[in-house]
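The block underneath contains the structure these notes are about, expressed in structure tokens.
The values are calculated or read from the model by the stated rules, or taken from the named source; none is laboratory data. It should be emphasised that the depicted structure is a prediction, and the values quoted were computed from it without experimental measurement. Neighbour counts run over all protein chains shown; Cβ positions are idealised from the backbone, glycine included. Areas reflect the complete protein model, heavy atoms only, side chains present, ligands, DNA and RNA absent. Shrake-Rupley method; radii C 1.70, N 1.55, O 1.52, S 1.80 Å.
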Amino acid sequence: DAEEYQPPIWKSYLYQLQQEAPRPKRIICPREVENRPKYYGREFHGIISREQADEILAGIEGAYILRESQRQPGCYTLALRFGNQTLNYRLFYDGKHFVGEKRFESIHDLVTDGLITLYIETKASEYISKMTTNPIYEHIGYATLLREKVSRRLSRAKNESRKASVTSEENTPVEKITSLVRRAALTQNDNHFNYEKAHNFKVHTFRGPHWCEYCANFMWGLIAQGVRCSDCGLNVHKQCSKYVPNDCQPDLKRIKRVYCCDLTTLVKAHNTQRPMVVDSCIREIEARGLKSEGLYRVSGFTEHIEDVKMAFDRDGDKADISASIYPDINIIAGALKLYFRDLPIPVITYDTYSKFIEAAKISNPDERLEAIHEVLMLLPAAHYETLRYLMIHLKKVTLHEKENFMNAENLGIVFGPTLMRPPEDSTLATLNDMRYQKLIVQILIENEDVLF
């Protein structure tokens, strides 16, 4: 229960070490240096040797100067005193200062962060190497529940056709305090589709002290201390991110749009089995458009299709695409096709693309069908379910071929390049594969009841 949930005890050892780290001491050059770069201050000592830098910094822990290389004029070095020795780092500037991956607004911040990192890695290297061995992540309720759900789904998949399952318990509204508390609170909410989704981690700068939600240790440094999942908000060390399971539960507040959003991210954020765009458009088309001549082949007005796209981005499943707003069913069909084209990863994913093409090249119909079925099993669950639902719909479209003149082959021509694209952006590869793309979709439609 969210109200009974007790957050873990954050481990403060690394935080204490950061507090103990030496502070930067800028050693100012007593003379005015000619040709000093405008982005360096009085800590720049001009062209001096390593030995001279060592003499200037001797005995002052955390002291630093900048110098120009004697061997390579125009190249600059940060000389820093740490651990009773002078360390020299090649220094770069591209609008910000850096010696490695991190970029800083000032030399002072760069040195501060460097001293913290040097101190912590010197004092706690063994501790850091073992940080991930007993993570708190494994002990919070949501992670445990998720593992059980995933294992149940995988065991079912061996015996049944691969479909995502759902329980129908009522959602328990939980006020979001932190992503960790939110995830723990989800133990009360088993109304989530069992789709696996990897976290979308990006390097992040945390303001104020932050602890890793995987290992519970402090995230040290001034900037870029760790990574944050831009879909669910999970905060972890960069090294811990490698161990976090694929259990991202996107936060709807972080999903800015419907079109151009990763398919699995969208369905998990909205807690739906398929993207709501697909459900809404297909529902509308089946209600009033199955007999429309040239359905999916005839284009609607581009401006109106863009209006539908903006309505879904703005209103989500509340978007009004009824006949009173869009009487031309081709606009709705165009909006559905545009959704599939705009996906960053196609419904038939880049990972499975070549396998589908190879399967399409098999001459024996039975062997080809078996090969296609095997590749279907490799699709992510949300992609599989979306493709299954679409094929059921397109099969219905073909049942009205006398009125709409759209058979499975015609629909294959339309949807082949819409549902699958080669991983490499090659016009030649696309042209060579077009007939196989068409054939794959045609086979999926004609054998929908067998393949899914």
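Summary of computed values
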read-out	value
Per residue accessible area of region 201-254, 1.4 Å probe, in Å²	40
Along principal axes, Cα extents of the chain, largest first, whole Å	92, 55, 48
Carbon/sulfur fraction of accessible area - the chain, other protein chains in place, 1.4 Å, %	49
DSSP beta bridge pairing in the chain, given as percent antiparallel to the nearest 5	75
Electrostatic dipole magnitude of the chain [Cβ: Lys, Arg +1; Asp, Glu -1; Cα centre; debye, to 20]	1040
Whole-Å semi-axes of the ellipsoid equivalent to region 1-133 (Cα gyration tensor, √5λ, descending)	36, 16, 13
Whole-Hz ³J(HN,Hα) from phi, Karplus 6.51 cos²θ - 1.76 cosθ + 1.60, for region 289-299, glycine and proline x	x, 5, 9, 6, 4, x, 3, 6, 8, 7, 8
Distance between modelled label sites at residue 314 and residue 60, nm, 7 Å Cα→Cβ extension	6.2
In degrees, nearest ten, helix 408-419 long axis to first principal axis of the chain (Cα)	10
Average accessible surface area per residue within region 324-389, 1.4 Å rolling probe, Å²	40
Rounded tilt (10° steps) of 276-288 against the dominant C-alpha axis of the chain	20
Pairwise FRET efficiency - residue 34 versus residue 364, Cβ, R0 = 56 Å, nearest 0.05	0.10
Amide H partners (placed H, <5 Å) of residue 25, local residues excluded	63, 64
FRET efficiency estimate (nearest 0.05) - Cβ-Cβ, residue 246 to residue 133, R0 22 angstrom	0.60
Chain lengthening between residue 90 and residue 351 when straightened (0.36 nm per residue, less Cα-Cα)	89.9 nm
11 Å cut-off, amide nitrogen to a point 7 angstrom out along residue 425 Cα→Cβ, residues in region 301-337	none
Simple spin-label estimate for residue 12 and residue 403 in nanometres, 7 Å along Cα-Cβ	7.3
Size of electric dipole in region 269-341: Cβ of Lys, Arg +1 and of Asp, Glu -1, about Cα centre, debye, nearest 20	260
Degrees separating the helix 302-315 axis from the principal Cα axis of the chain, which is the longest one	60
Relative contact order computed over the chain (Cα-Cα under 8 Å; 6+ residues apart), in percent	12
